[in-house]
Amino acid sequence: MAHDDELAQMQRLSNDYVPEDTGPLVGERQSTTELTAEYANGDPIYRTKTAALPRKYAFYRRCRGDGHCGWRAIAFSYFETLIRVADVGKLDVEQVRLKSMQNLLNAAGHSDDIVGDFAEETFGLMQELAILMTTPNSDPCEHLLRNFNDYSRSMAIVTHFKLLASAWIQAHPDDYLPFVLDYPDLKSYCEENFERAVCEIDHVGVAALSEAVVKPAGFALEVLYLDRSPGDEINHTYRAEPLAQEGFPITNPPTLRLLYRPGHYDVLYRAEDFPVVIPPQAPIQVALVGQTGRYDPGAIAAPIHDYSDLLLSIPGAKMWEAQPTYDFNLNPSPPPQVVPVSSYAPVPTPAPPPAEPIHDFVPPPHAPQVNSHPAPRHHSIQLEQPVALPVHPPPPMSLERGLPMTIERTEPFRPSAYTLEPGFGANQMHALPFQTSIFRNSHYNTAHFLNPDFQPEEWSPGAEYATSNRGRHKSASQ
Amino acid sequence: MSTGAKKRILREYAECQNDPLPGVKINFDEQNMTKWEILMDGPDQSVYAGGHYKLEINFPNEYPFKPPVVSFKTKIYHPNVSNDDKGSMCLGLLRPEEWKPPNKVISVLHLIRNLLIEPNPDDAIELSIANDYKTNRAEFDKTAKDWVKRYAK
């Protein structure tokens with residue numbers, strides 16, 4: 001009995017639950033790592049899925065969960081995609097097309113005068129965006145976001161889209177009637193599920209809206225589910241592909257993506273949806289390019305070069321360039337001025353070595369780190385626990401950058417840089433006759449009788465001395 | 001309130017003026033267009049015949065995305081009107097979850113008039129009056145007419 005009461009109580013609570021109805025109607029674009037963080041202490045399935053999310057889908061945009069999130073998310077990303085394709089003509093075409101759908105609305109019983117109010121806002125926004133897109137130094141995206149956060153305009157556009165979906169369904173009964181159970185006809189279904197002021201979008205609504213609005217615009221619509229179903233990634237559950245006039249699918253259409261969590265829709269993006277935004281982000285890119293260019297590629301800095309390339313390929317890092325205002329830095333503390341903790345007697349360093357971006361996950365653009373060149377053991381220490389020290393002015397790099405390298409080379413017996421760091425001074429390593437027993441006994445060894453270039457091993461005093469070099473190396477490091 | 005909403009309210013008022021419902025008069029104040037004062041006569045075929053009812057329609061800031069709020073300022077013995085100082089009527093399309101943005105005020109006025117002619121006891125706000133209406137119609141009619149004389153003349 002108590003159990004039943006408890007269940008009833010829980011049911012009641014769940015029925016009365018009103019999702020949090022705060023925040024902007026459409027939020028700023030943010031990194032999906034925030035979702036990862038949000039679920040970090042949650043259900044393991046969510047944790048795995050959100051952890052994998054940023055790799056494919058770098059950004060998302062929260063929509064307010066006020067019962068219109070799905071409609072609004074589609075409407076917003078429809079407009080945003082129109083901006084993204086950067087074709088003012090397309091906006092005009094879409095305006096004409098949506099206006100021509102007024103017939104459909106009339107047929108569904110919506111008179112011009114009332115629907116006109118809502119449609120006017122859609123067309124007004126399209127015109128404003130078209131003007132902004134041709135105006136230099138303007139930000140149509142910002143305008144779009146602002147307007148979608150204006151309650152009455154946002155709701156008017158959402159209502160217009162809802163009515164379009166409703167009219168579309170009623171105009172295509174054969175396609176939708178099979179999905180509509182429990183209702184005497186499509187009209188009552190649409191009235192209840194589409195036209196009401198408060199009605200969340202259902203899958204029929206998503207399909208109808210994508211048929212009526214998204215696909216004819218040449219856009220694809222994708223809905224990705226984040227739920228407790230087994231798997232390592234969020235799953236595609238819905239995709240609408242636009243067709244060209246000849247009936248063939250359009251390859252690589254601009255795609256609207258929605259992230260669905262049970263009961264809620266947000267807008268989702270891939271990182272490559274925003275390639276255009278990167279160029280103006282001069283400061284950071286310049287810093288990175290400058291750093292890679294600073295090193296002599298053939299010299300010891302080769303691995304460093306690789307690192308910075310790698311950094312660029314991390315979606316998070318890209319996103320940082322695109323949106324410098326977001327603090328997505330994984331390391332929330334100010335860029336540390338790192339000086340290694342010496343684990344043994346300090347090595348006389350001739351000068352503060354130049355900045356290197358390798359050790360920090362995201363390199364701070366202008367604050368160089370003081371870094372220990374000679375001892376690779378320091379690397380591990382730095383990675384684990386950066387020690388913050390007072391900020392020093394950056395060393396004059398142009399003068400000093402060559403210095404550490406030459407010093408490295410003049411002290412060949414310094415322990416580990418060559419041995420521990422892969423590729424470090426690789427040239428010299430190749431010179432060493434470095435053999436494993438496996439190699440020695442294989443036919444790849446020219447000393448093996450099966451090798452086509454068989455050359456029996458001969459004792460030579462030169463080789464003897466070369467190998468003994470290694471021995472000396474070892475003893476020196478001890 | 002947005003200019004779009006104001007425009008719409010103005011247009012709806014004009015529409016109500018062009019196509020007036022019998023026995024309905026609207027006092028519209030352009031300075032305060034979100035509050036309409038309605039004078040509605042009890043429909044002849046109903047128990048409320050002969051009564052004059054004062055109503056208020058208030059438009060929320062979010063209109064037309066949220067429904068207008070209807071309240072009876074004159075007391076009325078009716079299962080769908082709350083029997084308190086608010087006199088609120090909230091059913092059918094007036095419910096926030098059932099309201100559709102394309103709905104018009106004129107359909108709200110129609111709804112009110114139809115409810116005076118034929119109350120909806122299954123969706124009642126005053127359960128005792130609804131019960132009266134369903135089980136003891138004569139008694140209901142008598143009380144309703146009595147209230148008309150007492151409050152609505």
> How large is the charge dipole for the stretch B:3-151, taken about the Cα centre, if only the Cβ atoms of Lys, Arg (+1) and Asp, Glu (-1) carry charge, to the nearest 20 debye?
Replying inline: 280 debye
> Which entries in the list A:49/A:90; A:162/B:25; B:35/B:100; A:90/B:104 go over 25 Å, if you measure between the two C-alpha atoms of each?
Replying inline: A:49/A:90; A:162/B:25; A:90/B:104
> Within the stretch B:18-123, which GluC sites (Glu not before Pro) sit in a loop by DSSP and count at most 13 neighbouring Cβ atoms inside 10 Å?
Replying inline: B:97
> Of B:93, B:144, B:33, which is farthest along the charge dipole of the stretch B:3-151 in the positive direction, counting Lys and Arg as +1 and Asp and Glu as -1 at C-beta?
Replying inline: B:33
>> Checking understanding here: applying a Kyte-Doolittle mean of at least 0.0 and a length along the axis of at least 15 Å (C-alpha), which whole DSSP H helices in chain B pass?
In response: B:105-117
> Once fully extended, how much extra length lies between residue A:120 and residue A:106, figured as 0.36 nm per residue of separation less the alpha-carbon to alpha-carbon distance?
Replying inline: 3.5 nm
>> 7 Å from Cα along Cα→Cβ at both residue B:88 and residue A:192: what's the point-to-point distance in nm?
In response: 2.5 nm
>> For a quick check: with amide H placed at 1.01 Å from N, whose amide H comes under 5 Å from residue B:49's, ignoring anything fewer than 5 positions away on the same chain?
In response: none
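Work out the mean other chain Cβ neighbour count within 10 Å for the residues of A:108-117 and drop it here as an integer. Before the final figure, lay out each step's value.
Numbers: counts 0, 1, 2, 2, 0, 6, 9, 2, 1, 8.
Mean inter-chain Cβ contacts per residue within 10 Å come to 3.
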>> With both bridge residues required to lie in the stretch A:19-273, what share of the DSSP beta bridges run antiparallel, to the nearest 5%?
In response: 75 percent
>> What do you get for chymotrypsin sites (Phe, Trp or Tyr not before Pro) in the stretch B:64-114 restricted to DSSP loop and a cutoff of at most 13 other Cβ within 10 Å of the site's Cβ?
In response: none
> If you roll a 1.4 Å probe over the heavy atoms of the protein chains, what accessible area per residue do you get for chain B, in Å²?
Replying inline: 49 Å²
> Among residues other than residue B:102 whose Cβ falls under 12 Å from its Cβ, what is the net charge (Lys/Arg +1, Asp/Glu -1)?
Replying inline: -1
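Compute the FRET efficiency between residue A:243 and residue A:87 as 1/(1 + (r/R0)^6), taking r as their Cβ-Cβ distance and R0 = 22 Å, and round to the nearest 0.05. Mind dumping the intermediate values first?
Numbers: r = 19 Å, r/R0 = 0.86.
After rounding to 0.05, the efficiency reads 0.70.
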> What does a probe at residue B:18 reach in the stretch A:104-145, counting residues whose amide N is under 12 Å from the point 7 Å along Cα→Cβ?
Replying inline: A:112-114
>> Based on C-alpha coordinates, I'd like the Rg and Dmax of chain B, in Å.
In response: 15.5, 50
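The values are calculated or read from the model by the stated rules, or taken from the named source; none is laboratory data. Since this is a predicted model, take the numbers as computed values, not measurements. Positions of Cβ are generated from backbone atoms using ideal geometry, with glycine treated the same way; all protein chains shown enter the neighbour counts. Calculation scope for accessible area: heavy atoms of the full protein, side chains included, ligands and nucleic acids excluded. Shrake-Rupley method; radii C 1.70, N 1.55, O 1.52, S 1.80 Å.
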